[in-house]
1. What FRET efficiency, computed as 1/(1 + (r/R0)^6) with R0 = 41 Å and r the Cβ-Cβ distance, is obtained for THR35 and ASP195, rounded to the nearest 0.05?
2. Could you pull out every residue, at least 5 positions away or on a different chain, whose amide H is within less than 5 Å of the one on ASP179? Hs are placed 1.01 Å off N in the peptide plane, and Pro or chain starts have none.
3. Please list 3J(HN,Hα) in residue order for segment 166-177, calculated via the Karplus relation 6.51 cos²θ - 1.76 cosθ + 1.60 where θ = phi - 60°; whole Hz, with x for glycine and proline.
4. If you average the C-alpha positions of segment 67-94 and of segment 163-184 separately, how far apart do those two centres end up, in angstrom?
5. What does the convex hull of the Cα atoms come to per residue for segment 165-216, in Å³?
6. Using a 1.4 angstrom probe on the protein heavy atoms only, could you order ARG169, ARG163 from most to least accessible area?
7. Which value, in Å² rounded to 10, gives the accessible area of LEU152 with a 1.4 Å probe and all protein chains present?
8. So who's got an amide H within less than 5 Å of the one on THR230, skipping anything under 5 residues away but keeping other chains? H placed 1.01 Å off N, in plane.
Amino acid sequence: MNFGNHFYQVVAGPTAVPGRQEKANRVRGLHPSDTEVSGHNLTLAWDLDSATVRSISAYRELDSQTNMNFVDIFTQDNMQAQHQVSQELQLVGDALGDRIKYATGLFFFEENSRESLASLFGGGARVDQWHVKSQSSSAAVYGQATWTPPVLEDRLGVTLGLRYTEDSRKATKTYVRTDLSPAVPVGLVVVGDRDFDSLNPAVTLDYGFTTDIRGYAKYSTGYRAGGFSTQSTPDLLQRGLRPRGRRRLGGRRQVGSARQAPAREPRRLPQQVHGSAGRPGPHPAGLRRRAERRQRDDQGRGTRKCGGAGPRPDGQSLLLLARWGVRLLRRQRRGVRR
């Protein structure tokens, strides 16, 4: 995929040219920006007696040159290049007469990238220029199994899942010119190097009330690795960004379809180190204030939510399940009235 011939041109002032330019030079604008993206995927599967082994290999490459001109007062040239490789091995199957369905696997991801940025102010009177080389890798092992016990006419399902992830992030930034930051010496090299790991469980209970209505309750955790902001100061680049983690407790019903629609949950995704890598999520103080407001609202109604990050007594868990069941019954009655 090639995104060519997109560029910034001067549209006002003594050097402006009317109409759309197909080409431009430094005086009349800038050369066209160019972005090339390519990707390849290979999936292989081997069918066994009661399981399937699957291999998923992928490669992705990006080359981008972006030139910007803001009425000759401020110009900026940005170059990015990266390539990614990922490999996943899966084992999916069933056991005990289809009463247990499982999926387990290994995952590996690696990315190498380069980024250069040159910002010129006043026709080059002030220049800010730097280069960044970065590496990112992620490895994980995961497993999930669903058991249908021989009770309740096989309407009950119990699912347990677990994933362990290790991530590594490294960025090396070289300051070429620092006219806008005199405190940063020219030629300064700053290295940020951090490792992260996380163990994330998931538990799901689902029940088929009828052939068309199925509900479930689920508890899971999510994780996003930290990283580095390439445009931060030397001190912030060395410290990096902390990883994020969440817990979620919820449930949902589905009517009129045999296809399950799971509730949205936090997911851990591979993060690029350069560009928008490690972009921070909601501020912890804001999350805490929202949780406190919700707790006050529930107490005002004579109830208490089971949300929160700490352990929950059994009584509160039962209360949550009871409330979930009442809501489900109310929705069923509304559907019957309609």
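The values are calculated or read from the model by the stated rules, or taken from the named source; none is laboratory data. If you're wondering where the values come from, they're calculated on a predicted model, not measured in any experiment. Neighbour counts are summed over all protein chains in view; Cβ atoms, including those assigned to glycine, are modelled from backbone coordinates with ideal geometry. Keep in mind that these areas ignore ligands, DNA and RNA; they rest on the heavy atoms of the full protein, side chains included. Shrake-Rupley method; radii C 1.70, N 1.55, O 1.52, S 1.80 Å.
1. Working: r = 32 Å, r/R0 = 0.77.
The calculated FRET efficiency here is 0.85.
2. Hits under the 5 Å cutoff: VAL127, GLN129.
3. Karplus-based 3J(HN,Hα) across segment 166-177 equals 10, 10, 9, 10, 9, 9, 10, 10, 10, 8, 7, 9 Hz.
4. 16
5. Numbers: hull volume 9.0 nm³, N = 52.
Given the Cα convex hull of segment 165-216, per-residue volume reads 172 Å³.
6. Working: ARG169 0, ARG163 65 Å².
So the residues, ranked largest to smallest area, are ARG163, ARG169.
7. The accessible area of LEU152 comes to roughly 100 Å².
8. Amide H neighbours of THR230, under 5 Å, 5+ apart: GLY275.
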